[in-house]
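The block underneath contains the structure these notes are about, expressed in structure tokens.
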Amino acid sequence: MLEEKKNRDGFGSKLGVIAAAAGSAIGLGNIYRFPCELGENGGAAFLLVYLAVVLILGVPVMLSELVLGRNSQSNAVGAFKKLAPKTAWPIVGYMGVLCGFLILAFYSTVSGWTLEYIMKSVTNDFAGKDLKTIEQGFSDFHNMGWRNVMWQGVFLLLTAFVVYKGVQKGIEKYTKILMPMLLIILIVLGVRSATLPGAADGLRFLFNPDFSKLTGEVVISALGQGFFSLSMGMGVLITYGSYVNKNDRLASTALSVTLADTFVAILAGIVIFPAAFSFGIKPSAGMGLVFNTLPMIFDSMAGGYVICIVFFVLLAIAALTSTISLLEVIVAYISEEFHISREKATVIGALATFALGIFASLSLVQDTPFMLGGKTLFDSLDFVSSTILLPLGGLLIVIFVGWKFGKKSFLDELTNEGTIKSPLRNVIFFIVKYLAPLAIMVIFVSGFMS
Ligand code: TRP
């Protein structure tokens, strides 16, 4: 047993932990989904609710996961088996692995698009085209189901390559290179966009709240987006937490990751909205914003050819560090619970995801047969995982930590057996035990009634 512990792979440095966890958090959710949600939910009002959700609920929920992982030294399922043997709690872990599988199946579809769009920008495919023509190109691409599937496969292969290599030699090594690259690219793009003529309108939309836009639906969307963006509610952070050194400070890790994630989401907004407004594009243009509007805008900008390539490389990097974390949850579960090697588990996990993912990709083709509950399989996977399973998982995790795992165990793990003295520790536990479950429940239930 002792030996097994010694041999367990783990992060080599504190920076590695933050790079990996921030890499998981920062993804398409920030650069693509956040601006879409913000655009559809009235702009700055959404941003405000989002900030409240993330800071008040995000950090404590994230800590709950990290604590469970580091304390149990196990994957998402194993953690509950160890901490609550002979109970039904491991179901929460199974739900998490399932949810990760469902997310990865559709997330890898969109990730694949980033590769197609890197190619398109390299071959200067957008040059001189108007928005209509570019949009037509986007839907033509969707209709090429197998081309989507091919890119999705390539993307999953890249993901599997990193996960296959292990925590320290794979995940940590690559996220430590990729995350700084991402930040630099994003800042350069942000400055470019915010200095375009007419950019002020976009910034106003992003930062000037119109409270009449504040509805229950906006709050629900902000909650769903917050959980999704921070990779919470399905055991990514339990799994990563299990690789964190016993001397690291979990609270400062959680805070760094949350702030980095939120910073990048806002920065993505600063890249997208000023550019959109400057060219008279409606901010609620949804996903077309990223794949259609931006290429057109870049094309008409000085240096746009390079900027466009760089933007899609950024998108691909952001996606990759997130797909890595999703696959890692599945791989850690398979390899630890079934006692097989990481390498084998990676192959199994990636192939299984690809098998479902193919149908998610093919469900975007016109007149697709792959519909579920009145939606495309792609949309259904997104809905079930991010609107239902993630908040539900998050809810059960905080209930577990607050009411079953208990205050003493939580604070011992959080404070490294009492060596860190933080005045906030009681507040954090209070939020985990009472406020977070209540808030998640209220928002969740009201979402279903509206
Ligand atoms: N957080 C990532 C993003 O913003 C996506 C993601 C990775 C994720 N792992 C997750 C979402 C786990 C929910 C749960 O794009």
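Read the figures in this text as sums done on the coordinates, not as results from a lab. All values reported here derive from a predicted model rather than from experimental measurement. Ideal geometry is used to build each Cβ from the backbone, glycine not excepted, and the neighbour counts take in all protein chains shown.
Roughly how many nanometres apart are two label points built 7 Å out from the Cα toward the Cβ at residue 119 and residue 424?
4.6 nm
Straight distance only, please: which lysines reach the Cα of residue 120 with their own Cα at less than 19 Å, same-chain residues fewer than 8 apart left out?
Straight-distance partners of residue 120: 129, 132.
Could you list, in their original order, any pairs among 165/408; 169/246; 86/407; 344/407; 82/407 whose Cα atoms are separated by more than 28 Å?
Listed pairs above 28 Å: 165/408; 344/407.
Scan the chain and note any complete DSSP helix (H) whose C-alpha atoms cover at least 30 Å along its axis and whose Kyte-Doolittle average is -1.0 or more.
TM-like helix candidates: 90-122, 173-194, 250-278, 304-337.
Provide the three semi-axes, in whole Å and in decreasing order, of the ellipsoid equivalent to region 2-449 as defined by the square roots of 5 times the Cα gyration tensor eigenvalues.
Here the semi-axes work out to 35, 25, 21 Å.
Please compute the contact order of region 260-345 in relative form: average sequence separation of alpha-carbon pairs under 8 Å and at least six residues apart, divided by the residue count, as a percent.
That works out to 14 percent.
With a point put 7 Å past each Cα toward its Cβ, work out how far residue 196 is from residue 86 in nm, to one decimal.
It works out to 6.4 nm between the two label points.
Taking trypsin sites (Lys or Arg not before Pro) as exposed when DSSP calls them loop (any state but H, G, I, E, B) and at most 16 other Cβ atoms lie within 10 Å, what is the longest stretch of the chain free of them, the sites themselves excluded?
247-420
Run down the aspartates and glutamates and flag those whose C-alpha is under 20 Å from the C-alpha of residue 404, throwing out any fewer than 8 positions away in its chain.
Partners within reach: 65, 412, 413, 417.
Tell me the chymotrypsin sites (Phe, Trp or Tyr not before Pro) within region 291-360 that lie in a loop according to DSSP and have at most 10 other beta-carbon atoms within 10 Å.
In loop regions of region 291-360 (DSSP not H, G, I, E or B), the sparsely surrounded chymotrypsin sites (Phe, Trp or Tyr not before Pro) are 338.
Relative contact order, percent, of the chain when contacts are C-alpha pairs under 8 Å separated by at least 6 residues?
That works out to 34 percent.
Can you pull out the GluC sites (Glu not before Pro) in region 64-138 whose DSSP state is coil and whose Cβ has at most 10 other Cβ atoms within 10 Å?
Passing both the DSSP loop test and the Cβ count: no residue.
Based on DSSP H runs of at least 4 residues, each adding -39500 (n - 2.57), what is the mean residue ellipticity at 222 nm of the chain after dividing by all its residues, to the nearest 500 deg cm²/dmol?
-22000 deg cm²/dmol
For the chain, set up a Gaussian network in which alpha carbons nearer than 10 Å are linked by springs, and say which option among 325, 231, 278 fluctuates the most.
Result for the chain, Cα springs under 10 Å: 278 fluctuates most.
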